[in-house]
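Here is the structure we will look at.
Every number here is computed from the coordinates shown, using simple stated rules; none is lab data. Given the structure is predicted, the values throughout are model-derived calculations rather than measurements. Cβ placement follows ideal geometry from the backbone for every residue including glycine, while neighbour counts extend to all protein chains displayed.
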Amino acid sequence: MSEGLELPRFSIGVGDRFAHQAKAQLQACILAAEAGVEVIPVWNKSNREHTIIGSEPSSTRAAADAAVRELGWHKPYFLDADHINLKTVQRFLDPCDFFTLDVADLIGQPAQKEDVAEFIQRHPELLGEVVIPDIDEPFQIDRPFVEGVANKFLAAVKHASDIYQLLLQTKGAGRFVPEISMDETDFPQTPVELLIILAMIADEKIPIQTIAPKFTGRFNKGVDYVGDLAQFTKEFNEDLAAIAYAVSRYGLPKNLKLSVHSGSDKFSIYQPIYEAVQKFGAGVHLKTAGTTWLEELIGLAEAGGNGLAIAKEVYAEAFAHMDELTGPYATVINIDSAALPAPEAVNGWTSEQFTDALRHDQANPAYNPSFRQLLHVGFKVAAKMGPRYLEALEANEAVVAKNVTTNLFERHIKPVFLGQR
Ligand SMILES: [Zn+2]
């Protein structure tokens, strides 16, 4: 089913909220290549982020193209219209060549009765004992279970199909990479559900190259994974097995891989991901986003002077407008307000105190995950500063870039794609 643009085996989604770090981000992929692994950059920015900042997808395209030109990157790179739907896709059509079709809102909407019956009839292989290579226990699936899964996901997949058809008409076949995302919902999808969903996607002839399920556990923004690591590891392995099976059984694209919408910095699952991907010879797309924005703040704080003053101002404003900023992210952050330092105290901090609290170094006793999460959603404050914030980034480009590159390469690429801690 796959033709035209193909997403290579390993890719990393990077978010560049203010369109100033594309070069520093690409530099991390160059370091990866030098270390012996090809990791393709995908610049992702969701409609929500564009709306909060007041930016247009075309600015992300311009920044990515300029970085690629300046650094002489000759491998593929992509621009991801992240979490779009039929209502929001329009302004992404021209600049983007990767589309994350977000159907989470339709999960749980009952499907048409005839559609459910037709699906079950078309898939007798999904009933009874289903043996998947590399999964120890065969899945035991009965008809009510498949009906249940269809009533939870079939309407969502049909909606993905509508978006895909629009993309086919406007961009043309093979001119873009489609992903389906189901991560922004309350309930994780199990491997057996994933298998059934993939059968639905194949029926709709959507040649997805990545799929983003919701995994077990909590994926709070900018901080580490919270959940049962053994369970995550088991399910991640079974997801890979289910994908390999679905690719051969249903003719989905051979490069179909999991997309991990990490919310950034899920360090404790990186090793299990690396090991599972190696074991299966699979690919993986690691989507990060806000981690780069926080490195901008760290770089500004490290620079001292006006940079540090701006970082402190962002914190004070974020603290004052906490409810407004955290509202849209309520399900994906967990801030202990008692652990937040008073802005007056922070105003007296040195560069080191600020970066120690913010930098995601769990070995540092001064690291403060609540401080970090509040600043993670605080980019709206920087957006409101307008040119003042951007000029500070430009004046301190070297120290900011160093933090952006080091973070992506050392903390994300090394553990996920090279198996190094
Ligand atoms: Zn997501």
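Calculated FRET efficiency, residue 268 and residue 402, Cβ-Cβ r, R0 22 Å, to nearest 0.05? The computed FRET efficiency comes out at 0.30.
Amide H contacts of residue 218: 226, 227, each under 5 Å away and 5 or more positions distant or on a separate chain (H built 1.01 Å from N in the peptide plane; Pro and chain starts excluded).
In nm, to one decimal, how far is the residue 59 label point from the residue 131 one, both placed 7 Å along Cα→Cβ? The modelled label-to-label distance comes out at 5.7 nm. The charge dipole of the range 1-81, taken about its Cα centre with unit charges on the Cβ of Lys, Arg, Asp and Glu (plus for the first two, minus for the last two), comes to roughly 180 debye.
Counted residue by residue at 0.36 nm each, then reduced by the alpha carbon distance between them, the extension gain from residue 162 to residue 52 reaches 36.9 nm.
Taking the charge dipole of the range 20-73 about its Cα centre, with +1 at Lys and Arg Cβ atoms and -1 at Asp and Glu Cβ atoms, the residue from 52, 29, 62 reaching farthest to the positive side is 52. Rounded to the nearest 0.05, what FRET efficiency do residue 418 and residue 342 give with R0 = 45 Å and r taken as the Cβ-Cβ distance? Could you check? So the FRET efficiency works out to roughly 0.65. Each label point was placed 7 Å from the Cα along the Cα-to-Cβ direction; for residue 204 and residue 91 their separation is 2.5 nm. Using the Cα centre of the range 314-401 as origin and beta-carbon charges of +1 (Lys, Arg) and -1 (Asp, Glu), tell me which of 364, 329, 349 is placed farthest towards the positive end of the dipole. So the residue furthest toward the plus end is 329.
How would you rank 143-152, 16-25, highest first, on the average number of other Cβ atoms within 10 Å across their residues?
16-25, 143-152
Only one residue of 284, 241, 299 has its Cα farthest out toward the positive end of the dipole of the range 241-304, where Lys and Arg carry +1 and Asp and Glu -1 on Cβ, and that residue is 241. Simple point charges give the picture: +1 on the Cβ of Lys and Arg, -1 on the Cβ of Asp and Glu, and for the range 151-239 a dipole about the Cα centre of about 320 debye.
For the range 274-398, lysine pairs separated by 8 or more sequence positions, or belonging to different chains, with Cα-Cα distances below 22 Å total 4.
Between residue 74 and residue 278, the FRET efficiency estimated from the beta carbon spacing at R0 = 30 angstrom works out to 0.70. Of the Cα atoms belonging to the range 322-391, the radius of gyration and Dmax stand at 12.9, 35 Å. Calculated [222 nm] ellipticity per residue, helices only, for the chain: -15000 deg cm²/dmol; basis is -39500 (n - 2.57) per DSSP H run with n ≥ 4, divided by all residues, nearest 500. Relative to the first principal axis of the alpha-carbon coordinates of the chain, what is the inclination of helix 290-303, with its axis defined by its Cα atoms, in degrees from 0 to 90 and to the nearest 10? Computed tilt is about 10 degrees.
Using only the alpha carbon atoms of the range 165-252, find the Kirkwood hydrodynamic radius as the inverse mean reciprocal pair distance, in angstroms to one decimal.
Working: mean 1/r = 0.0696 Å⁻¹.
Result for the range 165-252 stands at 14.4 Å.
Which of the aspartates and glutamates could a cross-linker bridge to residue 152, judged by Cα under 17 Å and excluding same-chain residues fewer than eight apart? Answer for residue 152, where 17 Å is the Cα cut-off: 102, 105, 114, 115, 118, 142, 183, 184, 186, 193, 203, 204, listed by chain and number.
Explain nothing, just the number: relative contact order of the chain, from Cα pairs under 8 Å at least 6 residues apart, as a whole percent.
Numbers: 753 pairs, mean separation 78.8, N = 421.
Relative contact order for the chain comes out at 19 percent.
Given 87/214; 214/257; 45/221, which pairs have Cα atoms separated by over 19 Å? Provide the component values of the computation, followed by the final result.
Numbers: 87/214 23 Å; 214/257 14 Å; 45/221 15 Å.
Flagged as over cut-off: 87/214.
Multiplying the residue separation of residue 187 and residue 323 by 0.36 nm and subtracting their alpha-carbon distance yields 46.5 nm.
Compared with the alpha-carbon gap, the fully stretched path from residue 362 to residue 330 is longer by 9.2 nm at 0.36 nm per residue. How far is helix 113-122 tilted, in degrees, relative to the longest principal axis of the Cα atoms in the chain, given as a value from 0 to 90 rounded to the nearest 10? With both axes taken from Cα atoms, the answer is about 70 degrees. The dipole here belongs to the chain: it is taken about the Cα centre, uses +1 on the Cβ of Lys and Arg and -1 on the Cβ of Asp and Glu, and is about 620 debye.
Given a cut-off of 36 Å, what percent of all Cα-Cα pairs of the chain lie beyond it? List each step's numbers first, then the result.
Values: 21698 of 88410 pairs.
Result for the distance tail: 25 percent.
The angle separating the long axis of helix 229-250 from the principal Cα axis of greatest extent in the chain is about 50 degrees.
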